[in-house]
Structures are given as C-alpha cells and as structure tokens.
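The values are calculated or read from the model by the stated rules, or taken from the named source; none is laboratory data. Worth saying up front: this structure is predicted, and the values here are computed from it rather than measured. With ideal geometry, Cβ positions are generated from the backbone for all residues, glycine too; neighbour counts draw on all protein chains shown. Keep in mind that these areas ignore ligands, DNA and RNA; they rest on the heavy atoms of the full protein, side chains included. Shrake-Rupley method; radii C 1.70, N 1.55, O 1.52, S 1.80 Å.
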Amino acid sequence: MVAGNWKMNKTPAESRLFAGKLADEISDELLSQVDVVVCPSTSCIDAVTEVLRGTRIFTGAQNVFYEDFGAYTGETSGLMIKDLGCSHVIIGHSERRQVFGETNEEVNKKLHYVLGIDLIPIVCIGETLEERENGEMENVLERQIREGLRGISHKELDQIIIAYEPVWAIGTGVVATPEQADEAMGFVRGLIAELYGKDAAERCRILYGGSIKPGNFDELVSLENIDGGLVGGASLDESFVELVKIAAKHS
Ligand code: 13P
C-alpha cells in the first residue's frame, strides 16, 4: 500500500487537478498490485472523490471526530467524511498528537468509532528523537499500541492499518535506515503477535512513514516487516506515481 498524506496543502482547485493527474498516470494494472490512498485536507475531499470516482484509487481523511453529530465546533465526523466518499482515515498522526495534544485514549475512541462505521483506519505511531535517544522507543510504541488498540477485537484488527512514523524522520529529510525501520516495525509486529496471535500479526499491514522519496523507498519496501508507505512531502507531486511503481515491484 502507498498512502499519500497531503497534510494542509493544496486548495480544492489544485487538489482536483492533481487527483486527475494521478488518475491518468496510475494505471489499473498498478492498482491491481498496490492499494493507493490519497488523503487531502478535509476541505478538498469532495473535489478529490469526485475526480477519483470510478477509479480504484481510494480517498482518506486526515483526521476524524468520534461522534456522528453534535456541538463540536471545528470537527468533522466519520459519517460526514464517509458521505463525501472516503474509505480510509488517518488516526493519531504525530502532528495531531504534538500540535493538537491528541492522546492515546482519543486515538482509541476514534478507532472504535470508525470501525463501527466501516471506515478503514490508518493508525499512526512513532517515537520522538528524544524518546529514541533516551532508550524509550519500545516503551513509547508499546503504550501507543496497547492504549490505542484497547478493546479492539481480533476481527477488527484485520481492518486496521498501522503506520510507524518516527517523529524525527517526518519532514526532516532524515529517513530511518532500513535497519532502524525494520527493528522498530519488527517490534510492533511482535507486540501485535503477543496481543492477537502470530497469524493476525503477519496479516496486519504496517506502513513506514517519514521522508520517503523515490530514492530511498525501494530498499525500505523490500524489507519483510514493511508493507508500504505513508508519504507526506513526496505525495504532493509526480514522485507519488514513482513510489506506487516501486511498491508494485515488491507486490
Ligand atoms: P514526510 O514524508 O513529508 O516526511 O511526512 C511523513 C508523514 O508525516 C506522512 O504522514
């Protein structure tokens, strides 16, 4: 899987144009080998799903609130993004955690909510540089998984995509080395195996995210523990098509 997180970039008109380019350039053959998801800003979802309707490119939201309706100024419900044509939703991105104070408990509420309305969650986890340097990486990832997935059944786990995004690699140009990514993601898969069994852990899709570019993706996606990428900067231009082609080679 290759998922593009456009973050707070592109206007509705720019999003429409770019989604059209992706629809033209990502062939059905590629889409039969790789799941492709684009996650525009909430304000652009409508424009993007309209252009992508009838293609096999999925659209996801970057965030969601865990009630259908109500007095939650500024929030958008899962029901609303689903109605706009989203099939996926990113939950607990590190920018939501760091800039907007989102907690593992909120991630867990959102996860239960979206699974209840058949949206596919892409749950983000990852440690900061400080946590890594203090030797806390495994503790942080374990807390994010245990608390984030609390109460999630075996059946529900099969719907969940996990994205390991070390915070120090996001938007910095410093990509995790294959060894670092493999070690962290192997740890996450081991933890999933402990909680849900070995088979479930093998089936669980775990993506890497953080400074992915066409020049470094091939090596990352060839690793056993990496099932694809969640891409920020390189999802905003033609590089994204290259990344889909690279993933297809490893499908
Ligand atoms: P960059 O690819 O720009 O480092 O961003 C990664 C990311 O945060 C995707 O969710």
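Of note:
- Only protein atoms count toward the accessible area here, which uses a 1.4 Å probe; on the chain, the carbon and sulfur part of that area reaches 47 percent.
- Placing pseudo-labels 7 Å out from each Cα toward the beta carbon at residue 103 and residue 25 gives an inter-label distance of 4.3 nm.
- The 3J(HN,Hα) values that the Karplus relation (6.51, -1.76, 1.60; θ = phi - 60°) gives for segment 82-90 are, in residue order, 5, 4, 7, x, 6, 10, 10, 8, 7 Hz. Gly and Pro appear as x.
- Computed from backbone phi with θ = phi - 60° and the Karplus coefficients 6.51, -1.76 and 1.60, the 3J(HN,Hα) list for segment 25-38 is 9, 9, 6, 4, 5, 4, 6, 7, 9, 10, 7, 10, 10, 10 Hz; x is used for glycine and proline.
- Whole-number D in µm²/s for segment 66-113 (Stokes-Einstein; Kirkwood sum over Cα pairs; 25 °C, 0.890 mPa s): 212
- Expected 222 nm ellipticity per residue - DSSP helices of 4 or more, -39500 (n - 2.57), all of the chain, to 500: -13500 deg cm²/dmol
- Å² of accessible area per residue within the chain, as computed with a 1.4 Å probe and no ligands counted: 45
- Distance between segment 190-248 and segment 68-108 - C-alpha centres, whole angstrom: 22
- Given 7/82; 7/110; 21/110; 10/245; 10/82, the pairs whose alpha carbons are separated by over 30 Å: 21/110
- Couplings 3J(HN,Hα) for segment 192-197, derived from phi with the Karplus relation 6.51 cos²θ - 1.76 cosθ + 1.60 (θ = phi - 60°), are 4, 5, 5, 7, 10, x Hz, where x marks Gly and Pro.
- Amide H to amide H distances under 5 Å link residue 209 with 164, 165, 230, where only residues 5 or more positions off or on other chains count and H is placed in the peptide plane.
- Amide H within-cut-off set for residue 6, under 5 Å, with H built and near neighbours excluded: 39
- Nearest-20 debye value, the chain charge dipole, Cβ charges on Lys, Arg, Asp, Glu: 500
- Longest to shortest principal axis, alpha-carbon extents of segment 9-81, angstrom: 44, 25, 18
- Taking the DSSP beta bridges with both ends in the chain, the antiparallel portion is around 0 percent.
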